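Just so it is clear, none of the values below were taken in a lab; they were calculated from the coordinates. None of these values were measured; they are calculated from a predicted model. Here the Cβ positions follow ideal geometry from the backbone for every residue, glycine too, while neighbour counts run over all protein chains shown.
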Amino acid sequence: MATATKKKVLTKSALHAHFAEKTGLKKTEIAAVLDLLAETAVAQLGSKGAGVFTIPGLARFKVRKVKAVKGGVSKINPITKEPYITKDRPAHNKVGIRPVKAFAESLK
């Protein structure tokens, strides 16, 4: 039986090292750029931002507002014959991530 070779996942420090090697910048400079990218994404997706953030050539992040759901008795469990009791869920925001077309097509 053949054993499957498991590929290693790129860690944060390995990503910094890879970018530093490819660009010629220092690891600390790469870390600062990635931190700024994350900070900008949070600002754009936050309550004062546009609600959409795109990393060109990679992905689009979009905030979706989910309405509150009132809890209570819903369907009956067919096995125990007892009703399901659900809890209230407050309104909240969800972030959806979709690849941009060029990126998705390059993976085919």
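In table form, for the structure just shown:
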read-out: Net dipole in debye of segment 10-50 [+1 Lys, Arg Cβ; -1 Asp, Glu Cβ; about Cα centre; nearest 20]; value: 40
read-out: Unsatisfied cross-links (Cα-Cα over 24 Å) in the set K8/K108; K6/K62; K22/K62; K7/K94; value: K6/K62; K22/K62; K7/K94
read-out: HN-Hα J in Hz across segment 81-86 - Karplus 6.51, -1.76, 1.60, θ = phi - 60°, x for Gly and Pro; value: 6, 9, x, 6, 10, 9
read-out: For V100, residues with placed amide H under 5 Å, excluding near neighbours; value: L58, A59, R60
read-out: Spatial separation of Cα centroids for segment 72-108 and segment 31-69, in angstrom; value: 21
read-out: As computed over segment 52-108, the Cα convex hull volume per residue (Å³); value: 118
read-out: Whichever aspartates and glutamates have a C-alpha closer than 17 Å to that of K12, once near sequence neighbours (fewer than 8 apart) are set aside; value: E21, E29, D35, E39
read-out: Estimated dipole of the chain in Debye, rounded to 20 [Cβ of Lys and Arg +1, of Asp and Glu -1, Cα centre]; value: 440
read-out: Distant-in-sequence amide H partners of T54 (H built 1.01 Å from N, under 5 Å); value: F61
read-out: Karplus (6.51, -1.76, 1.60) ³J(HN,Hα), θ = phi - 60°, over segment 9-25, in Hz, Gly and Pro reported as x; value: 7, 6, 7, 4, 5, 5, 5, 4, 5, 5, 5, 4, 5, 6, 9, x, 8
read-out: Radius ratio Rg over Rh of segment 10-50, counting only Cα atoms, Kirkwood formula for Rh; value: 1.14
read-out: Calculated FRET value between K12 and K101, using beta carbons and R₀ = 35 Å, to 0.05; value: 0.80
read-out: Span per principal axis, largest first, for the Cα atoms of the chain (Å); value: 65, 56, 29
read-out: Residues A59 and L25, FRET efficiency given R0 of 25 Å [Cβ-Cβ distance, rounded to 0.05]; value: 0.65
